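Here is the structure we will look at, set down as structure tokens.
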Amino acid sequence: VPEVPKWFWKKFANSSGVFQIGEVFNGNISYVSGYQRDSLDSVLNYPLFFTMRDCFGNKGSFYQMETVLKNIQSSFTDVDALGVFLDNHDNSRFLSFNGNKNNFINGIVFSLLTRGIPILHYGDE
């Protein structure tokens, strides 16, 4: 999405009349949320993705998860429309860097139960 001007996405949305979800491969909440505020209906929730990877895959702090979730809530216009995922085709799969299947399952369950549109990538099922 960032490789195309924001004005184009806004114009495309108005012309097509369909729900749009875009990929802004960045962990910065204010940067990513700007695309939902200014031009798209939704984006993939990369800020949450990186935090989930840290918490479930690298034994990161869940206080960090709490902080990120609060910042997401206050920064995005529609948290329920964000795409939530633990794996995708642009990043190494969770189990390739953390072979603990219970941590993987916990991350998947979190992505299914947190606010947003859960996205399961092929192979995760």
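Some notes on this structure:
- The stretch 55-73: number of residues that are under 25 Å from SER42 (Cβ atoms), touching a helix residue (DSSP H, G or I) at 6+ places or on another chain (Cβ under 9 Å) and not hydrophobic (A, V, I, L, M, F, W, C): 5
- Entry remark, the stretch 16-30: residues being out of contact with any strand residue (DSSP E or B) (no Cβ under 9 Å at 6 or more places or on another chain), hydrophobic (A, V, I, L, M, F, W, C) and not in a loop (DSSP other than H, G, I, E, B) number 1 in total.
- Some residue of the stretch 1-8 being crowded, with 18+ Cβ neighbours inside 10 Å and closer than 17 Å to ARG115 by Cα: no
- A Cβ distance below 8 Å, combined with a sequence gap of six or more or placement on separate chains, defines the contacts here; from the stretch 1-12, residues that are without any contact (Cβ under 8 Å) to a residue 60 or more places away in the chain and within 10 Å of LEU40 (Cα to Cα) reach residues that are of a type outside the set (Gly, Ala, Ser) and in a helix (DSSP H, G or I) in the pairs VAL1/TRP9; VAL1/TYR35; LYS6/TYR35; LYS6/ASP38; TRP9/TYR35; LYS10/ASP38.
- The set of residues in the stretch 74-117 that are within 13 Å of the chain's Cα centre (by Cα) and open to solvent by 60 Å² or more (accessible area, probe 1.4 Å) comprises ASP78, ASP80, ASP90, LEU112, ARG115, ILE117.
- Within the stretch 58-72, being open to solvent by 10 Å² or more (accessible area, probe 1.4 Å) and either within 28 Å of VAL4 (Cα to Cα) or in a helix (DSSP H, G or I) (or both) holds for PHE62, TYR63, GLN64, GLU66, THR67, VAL68, LEU69, LYS70, ASN71.
- Taking (1) free of Cβ contacts under 8 Å to residues at least 40 places away in the same chain; (2) surrounded by 15 or more Cβ atoms within 10 Å (Cβ to Cβ); (3) not in a loop (DSSP other than H, G, I, E, B) in turn, SER33 satisfies each apart from (1).
- Selection from the stretch 13-30 of residues that are touching a residue at least 60 places away in the same chain (Cβ under 8 Å) and either open to solvent by less than 20 Å² (accessible area, probe 1.4 Å) or under 13 Å from SER75 (Cα atoms) (or both): none
- When VAL43 is tested against the conditions (1) part of a helix (DSSP H, G or I); (2) closer than 18 Å to ALA81 by Cα; (3) open to solvent by less than 50 Å² (accessible area, probe 1.4 Å), the lone failure is (1).
- Evaluation of ALA13 against the conditions (1) in a helix (DSSP H, G or I); (2) modelled with pLDDT of 95 or more; (3) of a type in the set (A, V, I, L, M) shows that the sole unmet condition is (2).
The values are calculated or read from the model by the stated rules, or taken from the named source; none is laboratory data. In this text the structure is predicted, and so the values were computed from the model without any measurement. When we count neighbours, we look across all protein chains shown, and the Cβ atoms used for this are built from the backbone with ideal geometry, even at glycine. With ligands, DNA and RNA removed, areas are computed over all heavy atoms of the protein, side chains included. Shrake-Rupley method; radii C 1.70, N 1.55, O 1.52, S 1.80 Å.
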